[in-house]
Structure formats: structure tokens, C-alpha cells
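The values are calculated or read from the model by the stated rules, or taken from the named source; none is laboratory data. These numbers were taken from a predicted model, which means no experiment stands behind them. Cβ placement follows ideal geometry from the backbone for every residue including glycine, while neighbour counts extend to all protein chains displayed.
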């Protein structure tokens, strides 16, 4: 998915959740657990988890042990003296 499409999807989901939350508040339904402390906690989790996921993906993607195609590619690089 293009980066622009991801931004649009995140904005759409965020807008929907914001509208839903405001609509529920308008009907008198309040979430006591949904406060600034909980939001800050989830932001911290995301700020830690997203870079960790990128690091794991990079390690997995750049390892020649994962798939048969990658092992064949490593063998070819060794034959050509590039590895």
C-alpha cells in the first residue's frame, strides 16, 4: 500500500473513532478509563513497539535463512564473489 493510502486509512479510522466517541458522550455514555493517562500509555506503547517491529522486519527481510528463494540468492551471490 502506498504511504499516502496508509495516511488516508489512519485518518479515516481516527476520524471514525473520534466521531463515535463524541456521539457516545453526547448520549451520556462516558468512559472513565479513557483519560489522558491511558492515552499517554498507549502512545508510549506505540512509540516503543513500532520501531521494534521495523527492526524485526528489517532483520527478517535481510536474513538469507528465511526462505528458499533467499538461500538460493545467497548461494548465487557466493558464486559471483559478492558475498
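If I filter segment 47-59 for residues that are at pLDDT below 85 and in a helix (DSSP H, G or I), do I get at least one hit? Even if it seems obvious, please write down each step before you answer.
Within segment 47-59, the first condition is being at pLDDT below 85, and the residues that meet it are 58-59.
Now restrict to residues that are in a helix (DSSP H, G or I): 58-59.
Yes, there is a match, as at least one residue in segment 47-59 is at pLDDT below 85 and in a helix (DSSP H, G or I).
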Condition (residue is surrounded by 10 or more Cβ atoms within 10 Å (Cβ to Cβ), at negative phi and over 22 Å from the mean Cα position of the chain (by Cα)) applied to segment 36-51: is it met by at least one residue?
no
